[in-house]
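All remarks here apply to the structure that follows.
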Amino acid sequence: MTRMRIAEAAARAGVTAKAVRYYESLGLVTPGRLDNGYRVFSDHDVRLMQEVRSLGGLGIVAQRTRPFLECLAAGQDYGDDCPASLAAYRDAITALTERIEDLTAKRAALSIQLRDAAHRTDCSSPCEDERTVMTDLNQLPPDLPVPDDDGAADHLVGRSTPHLTLPATSGESVALNRLGEARSVLYLYPLTGRPDIDLPGGWDNIPGARGCTTEACDFRDHHSELLDAGAARVFGVSSQDSAYQREVVARLRLPFPMLSDTQLALAESLGLPTFRAAGMTLFKRLTLVISQETIEHVFYPVFPPNEHAQQVLAWLRSHAGKG
């Protein structure tokens, strides 16, 4: 019979010498002793330690592996060939299920706390006056990449608005070809961040992606001025559904509705620029000024997003009475 010292036995079992001593302290392995008192381990001891290690990988702690080790000691080829082992499996599954349920409940409670805090503390005054903990959404990184003008919107001025109706967060359906003769402002954005949902990986490195929250805040903070300057209506447009958008409208206290275009029908009908991120196709940031069912002006590319409503306001004021 093979006799091994602790270091060799641990190496063969794929565990540490400290783990072997722990197993011994629990009575899971019982090594022999040489005359000089040194421990010696057999092939059977190594097999037991491998079983403990394997079960540990499944979430069964060492103290609960005894039924499996006793099954092996009884001569079975596998540690789960005995009824007691099957019962131990069931107990482990029950314990994991209870833990999952407990963690799920705690995660849900934390999400509620996060959403409540976000609604309570998100910027209710201009976003430049930063007083919230949500700086990752309400402030732009200093090195944000500037989007290039790739000419993807050059064909839009003079185009008729499509016969397309989109759902709004206000509950109405908005027909884009029936906005009236007065100017309407539609600012298209890719994806507004939420405090309980991570932004796509590398989001800050995509030119024109970051800044939807600050853009929404800017349109909110200058909404009344935009109306005074001749905009009959202001809409935000994205490919997120209305339920997602309603959370943003409520949290940021937006005085205008968001339009949902989950199928990117507006992009398809007008040939609008889009990009891919995290498996999603999203609008590139772009703003349309629509008058008499025709696209009168296009802002593209848009930068910086946190000042864009002011850019639109300046244009409206300089074109007052010319629509």
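See the values below:
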item: Matching residues, the stretch 52-66, being among the aliphatic types (A, V, I, L, M) and closer than 14 Å to Ile93 by Cα; result: Leu55, Leu58, Ile60, Val61
item: Spans of helices (runs of 4 or more DSSP H) in the stretch 1-103 with at least 2 residues within 38 Å of the chain's Cα centre (by Cα); result: 43-57
item: Extreme residue, farthest from the chain's Cα centre (by Cα), among residues of the stretch 253-282 that are aliphatic (A, V, I, L, M) and part of a loop (DSSP other than H, G, I, E, B); result: Leu272
item: Residue tally, condition exposed (fewer than 14 other Cβ atoms within 10 Å of the Cβ) and either touching a Phe, Trp or Tyr at 6+ places or on another chain (Cβ under 6 Å) or modelled with pLDDT of 95 or more (or both), over the stretch 295-323; result: 3
item: Residues within the stretch 185-204 that are over 16 Å from the mean Cα position of the chain (by Cα) and not in a loop (DSSP other than H, G, I, E, B), tallied; result: 4
item: Tally, over the stretch 31-52, of residues that are touching a helix residue (DSSP H, G or I) at 6+ places or on another chain (Cβ under 7 Å) and within 19 Å of Leu72 (Cβ to Cβ); result: 10
item: Residue satisfying all of: in the stretch 150-184; aliphatic (A, V, I, L, M) and either closer than 16 Å to Val249 by Cβ or within 29 Å of the chain's Cα centre (by Cα) (or both); surrounded by the fewest Cβ atoms within 10 Å (Cβ to Cβ) among these; result: Ala152
item: When residues of the stretch 275-294 are limited to those that are touching a helix residue (DSSP H, G or I) at 6+ places or on another chain (Cβ under 8 Å) and surrounded by 21 or more Cβ atoms within 10 Å (Cβ to Cβ), the one nearest to Thr161 (Cα to Cα); result: Ile290
item: Number of positions in the stretch 236-262 that are touching a residue at least 12 places away in the same chain (Cβ under 8 Å) and farther than 17 Å from Arg210 by Cα; result: 18
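The values are calculated or read from the model by the stated rules, or taken from the named source; none is laboratory data. These numbers come from a predicted model, not from an experiment. All Cβ positions, glycine included, derive from the backbone under ideal geometry; neighbour counts span all protein chains shown.
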